[in-house]
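Down below is the structure, laid out as structure tokens.
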Amino acid sequence: MRVTISRTDVGLSVYIHKKDLEEPIISVEHKNLWGGFILLKNGWRIALPELSQNRRLPVTVDARRLPVSLGEA
């Protein structure tokens, strides 16, 4: 799915084009954001592609939604 990651006044957010949904990012797997997963406020986990660490925001990328693991609600 196509997502746009941007910086807002309160932090990073993700706009999911197909769902017409914008959610704040509440945690990231890797400090540099790229190549790991992010957790959105609504509970979704999104896997991001590997990109250059100095990538400017906003950026639109292909990402995929990860299933919720067994230990999460």
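The values are calculated or read from the model by the stated rules, or taken from the named source; none is laboratory data. Just so you know, these numbers come straight off a predicted model, no measurement behind them. So basically every Cβ, Gly included, is an ideal-geometry build from the backbone, and we count neighbours across all protein chains shown. With ligands, DNA and RNA removed, areas are computed over all heavy atoms of the protein, side chains included. Shrake-Rupley method; radii C 1.70, N 1.55, O 1.52, S 1.80 Å.
Tabulated data
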| read-out | value |
| --- | --- |
| Isotropically averaged projected area of the chain, using the convex hull of Cα atoms (one quarter of hull area), nm² | 4.9 nm² |
| Lys/Arg +1, Asp/Glu -1 at C-beta; the chain dipole; positive extreme among LEU51, PRO24, SER6 | LEU51 |
| 18 Å reach of a label modelled at ILE26, 7 Å along Cα-to-Cβ, counting backbone N of the range 34-50 | 37-47 |
| Å² per residue, accessible surface of the chain at 1.4 Å | 69 Å² |
| Paramagnetic label zone (point 7 Å from Cα along Cα-to-C-beta, THR60; backbone N under 15 Å) in the range 1-17 | 1-6, 14-17 |
| Debye, to nearest 20: dipole size of the chain, +1 on Lys, Arg Cβ, -1 on Asp, Glu Cβ | 140 debye |
| Accessible area of the chain belonging to carbon and sulfur atoms, whole % at 1.4 Å probe | 49 percent |
| Karplus 3J(HN,Hα) series, Hz, for the range 2-11 with 6.51 cos²θ - 1.76 cosθ + 1.60 (x for Gly, Pro) | 8, 10, 10, 9, 9, 9, 10, 4, 9, x |
